[in-house]
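As structure tokens, the structure follows; a few thoughts come after it.
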Amino acid sequence: MYPNPYQQNPNNPQGGYSYPPPPTQGQPQAYPPAPNAYPAPPGSAPMYPPSASSPYSPQTSYQPPTSYPPPATNPAYPAPPGAMMYPPPAAQPGSGYAPPSMAPPPANNPYGSPASRPYPPPGAPPPTMPTPHQYPAPHHQPPQHQHSQGNLTSPPFSPMQSMPTQQPYFPQSGHVAPPSTIQTANSGFKCGPLLRYQNLDLHQGNWIGSVLVVSKPEAYGQPAPVLTWSDGRSQPQNVTAQPIDGYNQSIFWRFALVIPQDPHGSKKISYSINNGPQYCFFVAGRSESFRWMFYSCNGFSSATDSVAIGGANPLWNDALAKHSESPYHVMVGGGDQLYCDSLLDEPEMKEWLAIVPISKREGSPCHPNWTVAIEKYYFNRYSTWFSQGSYQQALTAIPTINMWDDHDTIDGYGSYPERTQKSATMVTIGAVSRRFYLLFQHHTTPALVPQHGFFSAGVGDNILASLGPTTSILALDARSERTKSVVCSDKTYDLAFAKMYQEIPQGTMHLLVQIGVPIAYPRLVFAENLMGSVGSVLGNLAMAKSAVNKLNGEPELLDDLNDHWTAKAHKQERNRFITRLQNFANDRKIRVTFISGDVHCAGVGRFTAKVSPPEKDPQLMYQVISSAIVNEPPPDGVIKLLHFQDKVHILDGRVKTYEDMYPMFTTDVDGKTLQMDKLMPRRNYSHGFFNLNTGAMEVSIFVENIRGGPEHTAGGDRGTKPYTIYVPRLEA
């Protein structure tokens, strides 16, 4: 271990480390700043937002560049084997599939043309459900499987673009107090309202986002719902929802929101739907950096005793309490926003898994009733999980930026062998899970993603967004293109870096890079080698059946090992990505920080060239690991093994870079000294904000205190303890 240049902060009794020390005895800077109290930090780039002629002008409605045509129109650009298809291929004769029309509805007809309207006008009886059509077969799927794709039971829709009707806005300065209570869900809908943050229109000073509700089947045929929002200063604004998809007479209604920012401080936005319950969220001021919250692994594994560990609500209750004190402007879902592994317990999936040998199963068609069951599962799973407990309350009160990981589909999806990934049923599982992931988590569809804040080089749905004058976030889709040998394609990296250079505004000081699996983490190559060598043996041992993955007969943990950036198959790709980020940080003088989850424990990794002071080191990148907010931690033996494997690694990138795990947890939540101080096996979440005085990004990981028993028992919920790190700005 090389000397630690970061001194323990004597003002932080929780055991956190800092550089530089905070200005006010370890307490966070008052947030948000007072009006007209936002000077440019010393040494920063020109003020924000950029001028209209700036080459860094962001795109608020991204269109894919002509240099990266989608695979359907460019056979020379195939997707990686086993990857999910984006966008859907063009309709083939006789396929029964027709992509939704993007044409706007006729004038004065909010319901679209008679041939394409997704639901009847008010007063008309619901029509007979149309003939089911097929999911399109991905272009990489073997031809013999194309006929086997199951049918779609939902009606076709014609998505319509809309902008909310708004009255003149008269901004006023000042900060509105946070909400004292959060109301329960609207009983008129099956799911929602769900808030999403998309981006900022920097030149016009507008916040762009959306709200989604899913209607109950008995409301089929009713008029489009209307959302009314108000900032308490001007006339309330009405926004009519647009239907973007439907399932079994439940309609997905999307409200497009464009809200002017206050010049300085946050403002409270109250909203209701059809004059129902009142909800509220907060929009940051133009001169204010977002206060963000990060979470991951928001569900339970199949073997978890959820009651014993306190249920799903305790840390969400803690996060909502902090939100009521200092409102979050956005919460970032780092993957596994819900767990869908139980899909394989459905009767139809058991029927599929019962096909033996495995080679016969992988070559079998996906029967239509299996597709119906897969659709039903994902729709019901999302509708239930996003509509219950404290998590549902957070979804109504804090706009989200989400990126999926494997459990949003099924455990290990993308890291299985090619023959498994390309089997007809797995392809259908991937397509259906993506459909509902885009709907519930992003309020969009495969046809609409370019309009709703995503970019793609052909496969995957990536996000680059502004979090105010000092911070941007890149959420990299590290699941859609994933195979056993690829995390993201070269074209995705090229496009992401082109957008980062061109669209991140001048004056930005921090870039958050959200990737589901940590990129800095102890190596487990020895376990990877062991699993690979004994896999065939385990598959033949009856006593080891519980240790074998039922999808392909390989060791159960092998897909998790293959998922890691530090796996042998991904090592070169990982190192190239890190080096490109170092070059970007040096070129733009923007500090890069990773935020990830997945591993069910808290920790901080670090890359550094050991340049002093650290403000002069563009290689310095922290990896904040925050996982899980709901799921249970790994056993102590796993944590001991990871600590045993941790050592300093050297990366010969831009310059020689040292990588290790940061000694974040010198004391436990009860004050006891910890020998294993780099990974904390307790449930947790994190939040961060820009420190105006120092230019640092202050990130706190809130770790669950030792529980006194199950939830709702005496002493059961004891809150959290913060561990804070101060990520220094990068000086020119």
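About the centre of its Cα atoms, region 218-302 shows a dipole size close to 260 debye [charges on the beta carbon of Lys, Arg (+1) and Asp, Glu (-1) only; nearest 20 debye]. Over all pairs of different C-alpha atoms, region 566-683 has a mean inverse distance whose reciprocal, the Kirkwood radius, equals 15.4 Å.
Highest mean first, the peptides 215-223, 422-430 sorted by other C-beta atoms within 10 Å per residue fall in the order 422-430, 215-223. Each Lys and Arg Cβ is given +1 and each Asp and Glu Cβ -1; about its Cα centre, region 268-361 then shows a dipole of about 380 debye. Each other residue within a Cβ distance under 12 Å of residue 500 adds +1 if Lys or Arg and -1 if Asp or Glu, for a net charge of 0. Listed by chain and number, the lysines whose alpha-carbon sits under 20 Å from that of residue 322, ignoring those within fewer than 8 places in the same chain, are 267, 268, 721.
For 440, 454, 497, the sequence from fewest to most other C-beta atoms within 10 Å is 497, 454, 440. When the alpha carbon gyration tensor of region 199-274 is reduced to an equivalent ellipsoid, the three semi-axes, largest first, read 28, 13, 8 Å.
Panel order for 351, 711, by other beta carbons found within 10 Å of each beta carbon, from fewest to most: 351, 711.
Scoring 675-683, 625-633 by mean Cβ neighbours within 10 Å over their residues and listing the highest first yields 625-633, 675-683.
Partners of residue 656 within straight-line reach, counting lysines whose Cα lies under 18 Å from its Cα and excluding those fewer than 8 residues away in the same chain: 571, 610, 616, 647.
With the simple model of a label 7 Å out from the Cα in the direction of the Cβ, residue 587 to residue 303 spans 4.6 nm. Between residue 497 and residue 203, the distance separating the two model label sites (each 7 Å from Cα on the Cα→Cβ line) works out to 2.8 nm. Within a straight-line Cα-Cα reach of under 16 Å, residue 422 can be paired with the following lysines, leaving aside sequence neighbours fewer than 8 residues apart in one chain: 360, 484. Among 660, 587, the order by Cβ neighbours within 10 angstrom, fewest to most, reads 587, 660.
The numbers here are math on the coordinates, done by the rules we state, and not lab data. All of these numbers come straight from a predicted model, not from anything done at the bench. Every residue, glycine among them, receives a Cβ derived from its backbone with ideal geometry; neighbour counts consider all protein chains shown.
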